[in-house]
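A.B. asks: Before anything else, here's the structure in question.
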Amino acid sequence: MTDVILQTKHLTKDFKGFTAVSDVNLDVRRGHIHALIGPNGAGKTTCFNLLTKFLVPTSGQILFNGRDITAAKPSEIARQGVIRSFQISAVFPHLSVMENVRIGLQRTLGTSFHFWRSEKSLSQLNHRALELLALVDLSEFADTITVDLPYGRKRALEIATTLAMEPELMLLDEPTQGMGHEDVDRVTELIKKVSVGRTILMVEHNMNVVSGICDRISVLQRGAILAEGTYAEVSTNAQVMEAYMGTSAGALEGAH
């Protein structure tokens, strides 16, 4: 299927007798914002760790653009265009916002560890870094030391550094976690904006975010896919409501 960018076949991960991810068949379509949701302990983060090869599957296959990447190393997957936000988040708190984005850009040039390079040789990246900061509404913070950024803006910086790696598929792990309403709204709009021309797979707890921007949703429960479809489809699914609410009454609106 040419419109499927990421596919898993019978993806399974066991930990000493406990099955964290069980026979997951996932199809992420090119150009979509696809969410993985589910109650705590459903296996969402384990699934992400398998996709980015921080964990090795017990069995099953992972295909990216039709190529089997099940045995690939995390660095190989990143080079192919699968980038997870936390991998290159703002890990340099005492560098400026601009410098953090520039390091992300250096990685695409293969000079990521050339920190001793002269400032002049890195200035060629400044134009693109400023473009990315403008895209995530951080232009005014370019010279701010990252540790001083408000929390919501730090998450925007993570998205900018992820974009610097030119991802074809972005994996965002709970991008709005711990945010107030204003930051949630800003980051949600930002995800929508940067999704143009690329594919996003995200783990997200906030159902307002999911309902607002996601094309497709996969619901995990106890490591297995419980339901899949649009928000309208999964939010009215009796099994999904049961999993979230512990009762067949009520809807997902309250499951934040």
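The values are calculated or read from the model by the stated rules, or taken from the named source; none is laboratory data. As the structure is a computational prediction, the values presented were derived from the model and not from experiment. Counting neighbours? That spans all protein chains shown, and the Cβs are built from the backbone with ideal geometry, glycine included.
A.B. asks: Look through region 8-31, keep the residues that are touching a Gly at 6+ places or on another chain (Cβ under 6 Å) and small (Gly, Ala, Ser), and return whichever of them is nearest to residue 61 (Cα to Cα).
C.D. replies: Checking each candidate, the answer is 22.
A.B. asks: Give, as residue ranges, the strands (runs of 3 or more DSSP E) completely inside region 1-104 that count at least 1 residues that are more than 17 Å from the chain's Cα centre (by Cα).
C.D. replies: Values: elements: 4-15, 18-29, 33-37, 59-64, 82-84.
Per the criteria, 4-15, 18-29, 59-64.
A.B. asks: Being within 12 Å of residue 173 (Cβ to Cβ) and of a type in the set (Val, Ile, Thr) is the filter; apply it to region 44-73 and report the residue that is modelled with the highest pLDDT.
C.D. replies: 46
A.B. asks: Residue by residue through region 33-63, note down the ones that are in contact with a helix residue (DSSP H, G or I) (Cβ under 6 Å, 6 or more places away or on another chain), closer than 21 Å to residue 3 by Cβ and not β-branched (Val, Ile, Thr).
C.D. replies: 35, 36
A.B. asks: Can you run down the residue pairs with Cβ atoms below 9 Å, 6 or more apart or on separate chains, where the first is in region 123-143 and part of a loop (DSSP other than H, G, I, E, B) and the partner is among the small types (Gly, Ala, Ser) and surrounded by 15 or more Cβ atoms within 10 Å (Cβ to Cβ)?
C.D. replies: Within 9 Å, the pairs are 136/156; 136/160; 137/156; 138/156; 138/160; 142/96; 142/129; 143/96.
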